[in-house]
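For reference, the structure is listed below as structure tokens.
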Amino acid sequence: MSQITPSCCSCSLPPEGGASRRGFFATLVAACSTLFTVLLPSITGVLGLLNPLRQKGGAGRFVRLATLELLPEDGTPYKAPVIAARSDAWTSYPPEPVGAVFLRRAGDRVLAFQVICPHAGCSLGYESSPQGGRFFCPCHAAGFDLDGRRTDPSSFSPRDMDTLEVEIRNGNEVWVKYETFRLGTAQKIAQR
Amino acid sequence: MKVLLEWFEGRSGFFAWLGRVYASTRGCGGTNCLFLAAIATAFVLQALSGFFLWMQYSPSAQTAWESVYYLQNHVAGGWLLRAIHHYSAHVLLAVLILYILQQIYVRSCRPPRELVFWSAVGLALCALAAILTGDLLCWDQNGYAATKTRVGFLTFIPWVGEYLFRIAIGGVGPGLGHLTLTHFFAWHIGLFAAGFFLLLVIHALLMRRVEAAAMNSLSPEPRYFRAWLPAAACLIISVIVLGAACRHGFQPPEAGVELLSPADVDPANQYAAARPEWFLVGLYELSHLPGLRERPFLSIFIIPGVVLGIILAMPFLARSKAGHLFNLLFTTLALIGVIVLSCYSLAKDRADTEHQRAIAVERQIAGRAGKLIRRLGIPPTGALSLLRNDPWVEGRRLFAMHCASCHSHVSFPMNDSGLAERSTVRNFHDVPSASPSAPNLWNFAGRDWLKGLLDPKRIGGPDYFGNTKFRSGKMADFVKETLADLEADEHAALEKVVRALSAEAGLPEQSALEAQETAFIAEGRQLLAREFGCTDCHKFHDKGALGTAPDLTGYGSREWLTGIIRDPGHRRFYGENNDRMPAYAPSNADAQHTLSAHQIELLVDWLRGEWYEEENSNK
């Protein structure tokens, strides 16, 4: 844009000597003012664009998902919805479903798995069969056993299913530290 | 690297072109160049800040104001970005107006420069249209009210006005909405900003062409010694914009450009103090002159249209000396007219206390919106719903609409005629009645209010029963006969009664005091029923009976106030003695009510001063 300004008004070409006499000063002022004019809104705008980098993501929080009675004794998984308040830029949403967790009994422990597939983020399903159930991903056919381990050595999934921390509070309440993890990595890295 | 550059140069000729452009700039420095440099600078500021704003903005009735609020208060540098865009737009238009005036005054618009002149006028119109469409986008009370009025002008156009109006707002009106925002947003960028850029290029090329032709024939004096001037002009423009942007400091929400509260589609809540931008104030005042007031189509479309027509004809007029004289005369007179009208309008507004109060009230509501958002966040239904559910804002509005035809709610005593002098209104919650005919409800059931009621000098006055049929009723007689000329110990007893009765209301303002004075209040209750004989007419807890006068049990409490607003003719309140107060929700059938249960709740909370306050103001 800024070239248009001067180029339009070629009022007169000065004699050779004049050109060198005033050339440097004019060029200097022009460079400064162009730089200032372009940088002022640009830096301000980029600062705003980078705003999300200053924000803190939702660190994992414990949420109450179920009571022990809800979980089948035989170890069949129960898919519990996670209800939480969330905010999106300027909007604060009242509590609503923001995710889900598979809960299952394993002996006297409770296991919790993130329903998001570690490969590409699809939602995992549970499939029961006479041989025993399994988790599977509908997108790229990754399969996991009931402990969340990959069943196929050539699975698309780079890691086993993501387990979540579980606490039993007040005798029978199942509380889970709800977190999401980076996709596609062999390590389980929590998203902050 | 060098190979790459050569390859690129061989196929594009870019550097050679750049060199030619640079060479052609040497020696420039005329006034035109100065103006063009300033225009280009303001436009670069506009385009860049506009592009970044575009990335932060969400045009819909529930998100436009909210996204701007977020940008202003929560995004780093957001307030500055808004302010740069705002002020550079106004600087751009101002420079364009000066540019056009200069071309008229020095006669440089004359042939063969018609196209140069016209494209400059086109640039000014584009800038103006971009400002007017951009005004709505932040969707605050001012932008909304101003735009609604302006778009409404379209309906003055005969035959097609109504259709144009509907197309412009993307609906049937009268309120503006989602599609108005998307329409205006698209026009703002796609039509006026892009159009401006295109016109600017055309204008520059035309200018270059005529200047080159003029050079061949005239060979003017070389003006190269002023070549740094345009560059300096660029710098000055940028600095002016930055200075204006920072004039309210660096700390949002005050910094940068003011954002009022979110637009309210309810016409009853429309911002009363919206005024046009500086360049339209003259026209605004013109259309309010007697004679033109009744002919809006003439003042808003015909007169500006004729003026524009004359301006467009000026290049031809400037050919002859007489025509040039006409141009000078016309332009000067028009300028003087606009300036005089503008100054008159601004002075009138400054002296208008109602106008100033409307601005002050709106600013307070904007501040309140910020407080509510800091506490509750912005719900998916938008920030407006926070205000709609806030007693502080909505209670006051409901009172003004439904109660202020009879009751005042003013923090100062009313004068003898009963009218509150509007100039004395200073508190946000002062709502004077235009023709008060019922008690002033400021601090209703509070200690001071009750003290006034039991004051023989005041009970018959305009703040209490002065304008009602109870002026010479039993209560007034009782107060005037029994409570006049009290001894000191009787005064002390009355004070206890006042505190006991006021404690029935459980007002939040007095709760701390009342917690300390329980013994005092208990004594007052005994006095009220026995020595003062209130229960001869009134019911008070288990003493007295209903049917003769309002129940004093829980007097002024939420429950009591809700009851009397719902149905003052109920035997618990005034029964058959009710003066003129309407029943706002007498039955349980919601459809027949003047006020919904929720509205009554807001009104009661407001009367009782029950609303959210920040613990300590954050500064």
Revision key, fill the gap. Plugging the Cβ-Cβ distance of residue B:517 and residue B:270 into 1/(1 + (r/R0)^6) at R0 = 51 Å yields, to the nearest 0.05, a FRET efficiency of 0.65
Review point. Considering protein heavy atoms only and a 1.4 Å probe radius, which residues within the range A:44-60 exhibit an accessible-area decrease of no less than 10 Å² in the full assembly relative to the chain by itself?
Key: A:44, A:45, A:46, A:47, A:48, A:49, A:51, A:54, A:55
**Study point:** Surface per residue (accessible, 1.4 Å probe) for the protein assembly as shown, Å²
**Key:** 50 Å²
Exercise for review: Roll a 1.4 Å probe over the protein heavy atoms and report the accessible area of residue B:278 in Å², nearest 10.
Suggested key: 120 Å²
Point to revise | Additional length obtainable on full extension of the chain from residue B:364 to residue B:94, 0.36 nm per residue less Cα span | key: 94.1 nm
**Study point:** Nearby lysines by direct alpha-carbon distance to residue B:480 (threshold 30 angstrom, same-chain neighbours under 8 apart not counted)
**Key:** B:451, B:457, B:469, B:496, B:539, B:543
Revision key, fill the gap. In this structure, the FRET efficiency calculated for residue B:587 and residue A:93 from their beta-carbon separation, with R0 = 41 Å, to the nearest 0.05, is 0.65
Check your understanding: When the accessible area of chain B is split by element with a 1.4 Å probe, what percent falls to carbon and sulfur?
Key -> 63 percent
Point to revise | Per-residue HN-Hα couplings for the range B:185-202 [Karplus 6.51, -1.76, 1.60; θ = phi - 60°; Hz; x = Gly/Pro] | key: 5, 5, 5, 4, 8, x, 9, 7, 6, 5, x, 4, 4, 4, 5, 5, 5, 4
Exercise for review: Whenever you get a sec, compute what percent of the accessible area on chain A sits on carbon and sulfur atoms (1.4 Å probe).
Suggested key: 57 percent
Practice item. Enumerate the amide H contacts of residue A:63 below 5 Å, restricted to partners 5 or more residues apart or on another chain; note that Pro and chain-start residues carry no placed amide H. Key: A:176, A:177, A:178
**Study point:** Shielding by partners, peptide A:107-117 (average Cβ within 10 angstrom, other chains)
**Key:** 0
Revision key, fill the gap. Chains B and A: accessible area buried, summed over both chains, 1.4 Å probe, nearest 100 Å², reads 4500 Å²
Point to revise | GNM result for chain A, Cα springs below 10 Å: residue of A:149, A:169, A:54 fluctuating most strongly | key: A:54
Review point. At a Förster distance of 22 Å, what's the computed FRET efficiency of residue A:186 paired with residue A:152, Cβ-Cβ distance as r, to 0.05?
Key: 0.90
Check your understanding: Per residue of the protein assembly as shown, what 222 nm ellipticity follows from adding -39500 (n - 2.57) for every DSSP H run with n ≥ 4, rounded to the nearest 500?
Key -> -15000 deg cm²/dmol
Practice item. Choose one of A:110, A:123, A:71: the residue whose Cα lies farthest towards the positive end of the charge dipole of the range A:61-178 (beta-carbon charges +1 Lys, Arg; -1 Asp, Glu; about the Cα centre). Key: A:123
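The values are calculated or read from the model by the stated rules, or taken from the named source; none is laboratory data. In this text, all values refer to a predicted model and were calculated from it rather than measured experimentally. Quick reminder, even Gly has a Cβ in these numbers, built from the backbone with ideal geometry, and neighbours come from all protein chains shown. Accessible surface areas use protein heavy atoms only, side chains included; no ligands, DNA or RNA. Shrake-Rupley method; radii C 1.70, N 1.55, O 1.52, S 1.80 Å.
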